[in-house]
There are 2 protein chains.
Amino acid sequence: MESNRREIEVMANLLSSNDMQADVNRAYFRKNNCLAINVIGSPGAGKTTLLEKTLPMLMLNRQVGVIEGDIFTSKDADRIAAYRVPVIQINTGGGCHLDSKMVHKVLPEFSEKGIDLLIIENVGNLVCPADFDLGESFKVIVLSIVEGDDKPAKYPVIFRNAKAVVLNKMDLEALTDVNMDNMKRDIRSINPDIKIFEVSCRKGDGLGEWTNWLNQEVANYQATK
Amino acid sequence: MESNRREIEVMANLLSSNDMQADVNRAYFRKNNCLAINVIGSPGAGKTTLLEKTLPMLMLNRQVGVIEGDIFTSKDADRIAAYRVPVIQINTGGGCHLDSKMVHKVLPEFSEKGIDLLIIENVGNLVCPADFDLGESFKVIVLSIVEGDDKPAKYPVIFRNAKAVVLNKMDLEALTDVNMDNMKRDIRSINPDIKIFEVSCRKGDGLGEWTNWLNQEVANYQATK
C-alpha cells in the first residue's frame, strides 16, 4: 500500500507539472495562430500513412509542421521529410508517450515559419498518451479497423478525450470479422460528439472529407484569434 | 532536471520492487510445476483470438489456466471462459501493463487445479509491458502483420526480451504492403534466437506448429523440475 500511495502521488505530480507546461505550449500556439493537434493510435494503426496522404492536400492551403514521436528510430520523420514540410523527430528513448516538456523543447525549430497547423504524431500506444496534454487544441485517434470492433469499449479514455477518430484500413473490412455498426455505436456511446471518419489510406477513400474537416478546423481556430 | 531525476528514481524503485515479487511468483510456478508465459502485443494484434484457437488443442494434453489483463471490461475473460478453463480477469483501471503484484494476488485462484500452463495475456500495449517481469518463464509477442514491417525496429525492447513471436493475420498479407522478408530480417537482427511463427488465427493456418511448440515447452519445463 505504501508503495502504491507513493506511485499515485508521483504520478499526480508528474501530470500536474505536465499540465502546467502544456498551458504554456497552448499559449505559444495561440500567439502564433497555429492549430496544434495530437494524433494518437496503436503501432501500425496508420498514423504516419494518414499524414503522408493528408499533407499534399493540406499544403495547398496551409503551412504545416510535423512533430514525430517515437521510442527509437527516425523512420517516421524520414517519411514525412519527403513532403518538404518542417518535421522534428522526438525519440523518447523507451518512454511510452510524449509529454509537454518534450514538445516545448522543439517548438523554437518551428518559429518564423508561419505554421498554421502543427501535427504532433504521438508514440504508437492507445493507453498512455491519452493522459498527457501536450498543449494541443484537440486529440485525434487513428484506429485500424483490423484491430477489431471491441477496441473503443476496451480503451475508453482516449475515445472520451478526442475530438475525432479516423477509422483506417476500411479496404480490409470485408476480409475481417469487424462489425462497423457495433464499432461506431460504442464510440458514440463513449463520446456522442466525436467526429468519425472512415478512410482507407492505402486506397485513398474518405481522405477528402477528413482533410476538408481539418482545414476547416484551422480556419475556425484562426477566426477566433 | 530535478523532476526527471525523481521520476527515474521512482521508476527504478518500482521496477526493483516488481522484480522481487516476480521472483516470488517464479518460485511459486516452479513449485507447482506450471509453465507461465506472458503474452504481449498491441490492441487488436489477436492475442485473445490466438488463445481461443490454441486452447482446444492444448487442452487435449494439458491443464491450462488463463489470466486476462485489461484496463477495463471483462470481454476477453468472457471469451476465454467459454472454453471451460479457469480464467481470471485483472482490470488495471487505467494502468498500461500488468505487474507482478497484480498477478501474485490472483494466483491462489489457480491452486489445487493442477495447472501445467498458465497463459497471462497482458494489456494491449507493445511498449510498457516489456519492462515488467511477472515471474513468467518467457514472453511471447503477438504481432498483426497488418501493423507493418517497420514495427520490430521501432519497438525493439519487447523483441529483445521475448522467446517467440507469433505473426498473425497472415491471410491479409497479399492485401497489405507488408514485406515479410524485411519483417523477419529485422526481428532476427534484434534477437537471433527468437522463434517465429506465421499464422492466421482466422483461417487456422500455422496454429499446429505454434501449439506443438508450446506443448513441448511445457514438457521441457516439467522435465527440468
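Each reported figure results from applying straightforward, stated rules to the coordinates on display, with no laboratory input. Here the structure is a predicted model, which means the values were calculated and not measured. For neighbour counting, all protein chains shown are included, and Cβ atoms are generated from backbone atoms with ideal geometry for every residue, glycine included.
Would you check which residues across region B:90-111 are away from chain A (no Cβ under 14 Å), out of contact with any Gly (no Cβ under 7 Å at 6 or more places or on another chain) and over 22 Å from B:Ser16 (Cβ atoms) and list them?
We begin by selecting, within region B:90-111, every residue away from chain A (no Cβ under 14 Å); these are B:103, B:106-111.
With the extra rule that they be out of contact with any Gly (no Cβ under 7 Å at 6 or more places or on another chain), the set shrinks to B:106-109, B:111.
Listed by number, the residues that qualify are B:Val106, B:Pro108, B:Glu109, B:Ser111.
Spot the failing condition for B:Arg6; the list is (1) within 11 Å of chain A (Cβ to nearest Cβ); (2) surrounded by 15 or more Cβ atoms within 10 Å (Cβ to Cβ); (3) without any contact (Cβ under 8 Å) to a residue 60 or more places away in the chain, and only one is missed.
Here B:Arg6 clears every test but (2).
Could you say which residue among B:Lys139, B:Lys163 is in a strand (DSSP E or B), touching a strand residue (DSSP E or B) at 6+ places or on another chain (Cβ under 9 Å), touching a residue at least 60 places away in the same chain (Cβ under 8 Å) and not hydrophobic (A, V, I, L, M, F, W, C)?
Step by step, each of B:Lys139, B:Lys163 is checked, and only B:Lys139 is in a strand (DSSP E or B), touching a strand residue (DSSP E or B) at 6+ places or on another chain (Cβ under 9 Å), touching a residue at least 60 places away in the same chain (Cβ under 8 Å) and not hydrophobic (A, V, I, L, M, F, W, C).
Among the residues of region B:182-198, which ones are among the acidic types (Asp, Glu) and within 14 Å of another protein chain (Cβ to nearest Cβ)?
Correct list: B:Asp186 only.
Does B:Val87 fit the bill of being touching an Asp or Glu at 6+ places or on another chain (Cβ under 8 Å) and more than 11 Å from chain A (Cβ to nearest Cβ)?
yes
Name the residue that is farthest from the other protein chains (Cβ to nearest Cβ), counting only residues in region B:141-181 that are surrounded by fewer than 20 Cβ atoms within 10 Å (Cβ to Cβ) and among the acidic types (Asp, Glu).
Ranking the qualifying residues of region B:141-181, first place goes to B:Asp181.
Out of curiosity, is A:Gln63 in contact with a helix residue (DSSP H, G or I) (Cβ under 8 Å, 6 or more places away or on another chain) and among the polar types (S, T, N, Q)? Write out each step before concluding.
Details: in contact with a helix residue (DSSP H, G or I) (Cβ under 8 Å, 6 or more places away or on another chain): no; among the polar types (S, T, N, Q): yes.
For A:Gln63, the condition - in contact with a helix residue (DSSP H, G or I) (Cβ under 8 Å, 6 or more places away or on another chain) and among the polar types (S, T, N, Q) - is not met.
Name the single residue that is nearest to the other protein chains (Cβ to nearest Cβ) among those in region B:112-129 being of a type in the set (A, V, I, L, M) and within 10 Å of the chain's Cα centre (by Cα).
Result: B:Val123.
Could you tell me which residue of region B:199-209 is farthest from the other protein chains (Cβ to nearest Cβ), considering only residues that are without any contact (Cβ under 8 Å) to a residue 40 or more places away in the chain and surrounded by 14 or more Cβ atoms within 10 Å (Cβ to Cβ)?
Of the residues in region B:199-209, the ones without any contact (Cβ under 8 Å) to a residue 40 or more places away in the chain are B:200, B:203, B:205-206, B:209.
Of the ones still in play, those that are also surrounded by 14 or more Cβ atoms within 10 Å (Cβ to Cβ) are B:200, B:206.
Values: B:Ser200: 11, B:Gly206: 17 Å.
Checked region B:199-209; the qualifying residue farthest from the other protein chains (Cβ to nearest Cβ) is B:Gly206.
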